[in-house]
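Only the coordinates and a few stated rules stand behind these numbers; no lab work does. Quick caveat: nothing in here was measured; it's all calculated off a predicted structure. Here Cβ is always computed from backbone atoms with ideal geometry, including for glycine, and neighbour counts include all displayed protein chains.
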Amino acid sequence: MTKTKTSVKASEVDHAALASENRRLKSELTQLKAADQFVREREQVLQIILDSATDVIVTINEQSEIVHANAAAYQTFGYSAAELTGLPLTILMPEIAKERHHADISTFLRTGTQQRSWQGLRFNGLHRDGHEFPIEMSFGAMRRPDGTYRFTGIIRDITKLAEAEEIKRQQLGELAHRQRLLSVGEMASGLAHELNQPLLAICLQADAAAERLQRMLGANSRHTGPGVCETDEAATSKLQTSLSEIANQAERASRVIRSVRSLVRREEVPRARVSLAKIATDVLPICEHCCDQGGSQLVVDVSRSLPDVIAEETLIGQVIANLVQNAVTAMKDIPQSNRRVAISADEIGNNQIQVSVSDAGEGLSAEAIDHLFESFYTTRSDGLGLGLAICRSIIETHGGHIRAENVPDGGAVFSFTLPVSGTV
Amino acid sequence: MDNLRIVYIVDDDPAVRQAVSIVARAIGVEVRAFARAEDFLAGYDEATTGCLVLDVRMPETSGIELQRTLNAAGVRIPIIMMSGHADVRMAVEAMSQGAFTFLEKPFRMQELSKTIEKALAKSQAAIESARLRADIRARLDSLTHKEREVLDLILIGQTNREMAQALTLSLRAIEDRRSRVMKRMGMSSVVDLVSAVKSMTTAEDKVAMKPAE
């Protein structure tokens, strides 16, 4: 209307108004150009993002048809971006995932809300060649001016991540399995020791009693007549049979314990020359996992220049993992920022290498220090009291020693020694 | 009490101490039993024939540790190490450190009695030979410088004539000194003299050379 009015009054030739109108139009044009430039640039940025992303980025409509896909789709699913356009997104999913996808979209369209988080959904993707692989997908919804929705999805191939997780899971499973085996072995070993003591006493006492009886009989037969002696002799003989049977049966019981023990425990561990750095590196994922779970920092200082030791490396790794696990548990009541586990190894002379695992917890009681390494001793309500006993038996089998002490500025340190290779 | 023989027992388990004591008393020896290695060290008499029946596995000081302490102190009492099946490796270590023998638990009275008798015989022989060496040492120390000179030459096998020449003495003087040496050393033949002196010096060398572990 303003423009019409202007033309009607053209005869009046209001130069000033015309000039002002011109300026306004020019400025509007400049703004439009700038806006256009801005949009172009945004589009370019978007395109670069889409082209360079290694994750698959797709846009779909309400029918889940692919409106746009980026180049990474080919790498991940075997379809080019052009091929995918117009195809249903579910072509990239196995049956089980299709249903859930449709349910998610239709629920959203009906209620306008998401029934579950659309971030980091994990399920299997379906490659063009038919193989399934683990993917992680995040979704976003965009409302268009006409009221319909578009959805964008970012899909990541997590095959490698899943493999790494699987390996870690297996390692932890194996660790738990070994732990159980060792627990049974340690229990049998502890029992064997505890039972052999009384069995030895039974054997010796029965033998000594039988011998005393024999001597008494000898004395009697000299002092009394042969008639009395005969009854005595018969009775004594029976008693002696009983006593010798007591000793025999005690011996048998000991053999039973021994055979159970050798069933569950390998007597000889094959040992080889190995560097502590390698042992530490191999067991590191497990230690890291423990520390992650317990919210603790982990510091490892094991030099490659240390001399090799003679050891069965998985068993020594087991000891380290066990000590780290204990260290983490010991710090559960202190502020997370102070939780720190340190693994270190040093040469301590005498052809020994000492490995230490220290924590920043509240330290050990004097009573605990005295009994820590005994079978069935525990300060935890959920503990069997075998972990450290197993550590001790592993280290002693290797010709080393293990001990625990408190650190002056707080926390405890568990150290064990191993002989340097060439000295055993 | 010259024929006193003592069996020392060190085991933390009272039932085992008692049983081993009964067996040892049955063979007519004196028994001293201790629950801890430290108590044994305080109650041990080195000059009397004895042996030690020792448990390899004890809570405070282990049998192996006590053995090391005794080795380091130069105490040579024969040790009968008692070990469970679980401690075979420790038993091997005990043997390599010079234990007399080891018995695997549980063992029988006869086995223990025989082993104790053998260990005591070894101890007695060691004590006798130590006494003998001390005697020879005392006699050697009683020699005058001149007599010692002659003894050294006898030891390297010189004849009287060679000695006379070496020491620029008359044959008569050498014979004289030589008979004084034999008398002081309490020997009737040169062969006995040489073997006695040599056996002692090699034994002393061995002790001197034994590393302090």
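General observations
- Across peptide B:102-113, the average count of Cβ atoms from other chains found within 10 Å of a residue's Cβ is 6.
- C-alpha long axis of helix A:387-397 to longest principal axis of chain A, angle in °: 60
- Under conditions of 37 °C and 0.692 mPa s, chain A yields 109 µm² s⁻¹ as its translational diffusion coefficient, taking Rh as the Kirkwood radius over Cα pairs in the Stokes-Einstein equation.
- Virtual spin-label span in nm between A:R255 and A:R143, 7 Å along Cα→Cβ: 8.7
- Distance in nm between pseudo-label sites at A:F376 and A:T30 (7 Å out along the Cβ direction from Cα): 9.3
- For the listed peptides B:148-155, B:128-135, a ranking on the average number of other beta carbons within 10 Å per residue, highest first, reads B:148-155, B:128-135.
- In the protein assembly as shown, the DSSP beta bridges split such that about 65 percent are antiparallel, to the nearest 5.
- Put in line by how crowded their Cβ is, counting other Cβ atoms within 10 Å and starting with the fewest, A:H371, A:H289 read A:H371, A:H289.
- Cβ-derived FRET efficiency at R0 41 Å, B:Q97 paired with B:K198, nearest 0.05: 0.90
- Counting, for every residue in A:188-200, the Cβ atoms of other protein chains within 10 Å of its Cβ and taking the mean gives 6.
- Given charges at Cβ of Lys, Arg, Asp, Glu: region B:5-126 dipole, positive-most of B:F107, B:M81, B:A125: B:A125
- Per-residue Karplus couplings for region A:136-148, computed as 6.51 cos²θ - 1.76 cosθ + 1.60 with θ equal to phi - 60°, are listed in order as 10, 10, 10, 10, x, 10, 10, 8, 8, x, 7, x, 7 Hz, Gly and Pro entered as x.
- Test item: Cα-centred dipole of region A:18-63, Lys/Arg +1 and Asp/Glu -1 on Cβ, debye: 440
- Positive dipole terminus of chain A, leading residue within A:V420, A:I394, A:G140 (C-beta point charges): A:G140
- Per-residue packing, averaged as other Cβ atoms within 10 Å, sorts the ranges B:104-117, A:161-174 into the order B:104-117, A:161-174, beginning with the highest.
- Once the Cα atoms are used to define both axes, helix B:63-72 deviates from the longest principal axis of chain B by about 20 degrees.
- Of the trypsin sites (Lys or Arg not before Pro) found in region A:88-129, those in coil by DSSP whose Cβ has at most 14 other Cβ atoms within 10 Å are A:R116, A:R128.
- Gained length - A:R42 relative to A:E166, 0.36 nm times residue gap less alpha-carbon distance: 40.5 nm
- Computed E for A:Q115/A:K332 - FRET, C-beta separation, R0 45 angstrom, nearest 0.05: 0.80
- CD proxy at 222 nm, helix term only [per DSSP H run n ≥ 4: -39500 (n - 2.57); per residue of the protein assembly as shown; nearest 500]: -19000 deg cm²/dmol
- R0 of 35 Å, Cβ-Cβ distance A:K238-B:V31: FRET efficiency to nearest 0.05: 0.70
- Degrees separating the helix A:15-52 axis from the principal Cα axis of chain A, which is the longest one: 30
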